[in-house]
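For reference, the structure discussed in these notes is given below.
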Amino acid sequence: MAGKTVLVTGAGRGLGRELARQYAAGGWQVIACGRGLPAGGFETGIEFLPLDVAEPASISMLAAQLAGRPLDVLVNNAGVRSRGAGLHCLEPDEFLDVLRINTLGPVLVTRALRANLRLGRDPVVANIGSRAGSMAEGLLDDDDDDYAYRCSKAALNMATVQLARDLQPDGVTVLSLHPGWVKTDMGGDDAVLPVEESTRALRTIIAAAKPECSGAFLAFDGREVRW
Ligand SMILES: NC(=O)c1ccc[n+]([C@@H]2O[C@H](COP(=O)([O-])OP(=O)(O)OC[C@H]3O[C@@H](n4cnc5c(N)ncnc54)[C@H](OP(=O)(O)O)[C@@H]3O)[C@@H](O)[C@H]2O)c1
């Protein structure tokens, strides 16, 4: 993996932090992006660049800082949930804030870094989605009532498919990935997957990604999630 570069959004905590750590341990050049440097900083060799995915100006600034640098993998990981779940709790402004971060953010970041991905080797964009956004599977065994979160991740899936088509001429593979129910601030203590395990699995899928699979929605265990 010598010389390969990955950029991870939302890298200060949770899955993003562990992705940055594991890629760096694997010899990758890691650009860890977040709204602020986490307490204690990052491991040696991880480069931090500020990025608020809800702010187009912040995305433009990142792209300007990275001009001309090849990017092999972009992980659109930053994400949020609503403060409260359920129809009665739905706050219109908060709903749109969640969509701005979870759906529009990955699209704008990908567009801004398209030239960098074009310079990469077998470039991959991994949009960290969620089975909660699957219309076929999301309600089967998940009583999550967070309308904004579910809708934002369903819309992210459509963005993945559209990006896959638009970036195909550049040789960029675009995937939606469900990380499982993971022990992070978002997943909570009852979650079943250690963050290290989910991250290892996500990295395996990203490493195996092929252009003919572009636009797929895959779970951490490699299973194709139904839309
Ligand atoms: N954990 C699970 O069980 C689970 C399941 C399915 C999908 N996912 C998805 O996996 C991804 C990572 O989740 P996680 O569990 O690691 O969550 P987490 O522990 O809550 O971490 C979320 C990360 O996103 C960042 N973030 C939020 N808003 C941002 C913004 N506007 N700009 C830049 N960064 C922002 C946070 O940064 P700050 O520190 O600045 O807030 C934090 O680093 C999310 O997309 C989530 O939807 C998680």
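The values are calculated or read from the model by the stated rules, or taken from the named source; none is laboratory data. Keep in mind that what you see is a predicted model, and the values were worked out from it rather than measured. With ideal geometry, Cβ positions are generated from the backbone for all residues, glycine too; neighbour counts draw on all protein chains shown.
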key: Within segment 131-176, considering residues that are closer than 30 Å to residue 91 by Cα and β-branched (Val, Ile, Thr), the one nearest to the ligand (Cβ to nearest atom)   = 160
message = For residue 128, only one of the following conditions fails: (1) more than 14 Å from the ligand (Cβ to nearest atom); (2) under 20 Å from residue 207 (Cβ atoms). What is its number?
response = (1)
note = Scanning segment 177-193 residue by residue, the ones that are surrounded by 14 or more Cβ atoms within 10 Å (Cβ to Cβ), more than 7 Å from the ligand (Cβ to nearest atom) and more than 13 Å from residue 77 (Cα to Cα) total 2
message = Every residue in segment 19-58 that is in contact with a strand residue (DSSP E or B) (Cβ under 9 Å, 6 or more places away or on another chain), among the charged types (D, E, K, R) and closer than 24 Å to residue 108 by Cβ, please.
response = 35, 47, 52
query = If you scan segment 132-147, which residues turn out to be at pLDDT 90 or above and surrounded by fewer than 24 Cβ atoms within 10 Å (Cβ to Cβ)?
reply = 132, 134, 135, 136, 137, 138, 139, 140, 145, 146, 147
request  = Name the residue, out of 17, 21, that is within 26 Å of residue 163 (Cβ to Cβ), under 16 Å from the mean Cα position of the chain (by Cα), basic (Lys, Arg) and part of a helix (DSSP H, G or I).
outcome  = 17
Residue in segment 57-79 that is within 11 Å of the ligand (Cβ to nearest atom) and at pLDDT below 95 present = no
key: Residue selected from segment 24-56 under the condition hydrophobic (A, V, I, L, M, F, W, C) and part of a helix (DSSP H, G or I), by the criterion nearest to the ligand (Cβ to nearest atom)   = 24
note = Among 113, 108, 90, the single one that is touching a residue at least 12 places away in the same chain (Cβ under 8 Å), among the hydrophobic types (A, V, I, L, M, F, W, C) and away from the ligand (no atom under 16 Å from the Cβ) is 90
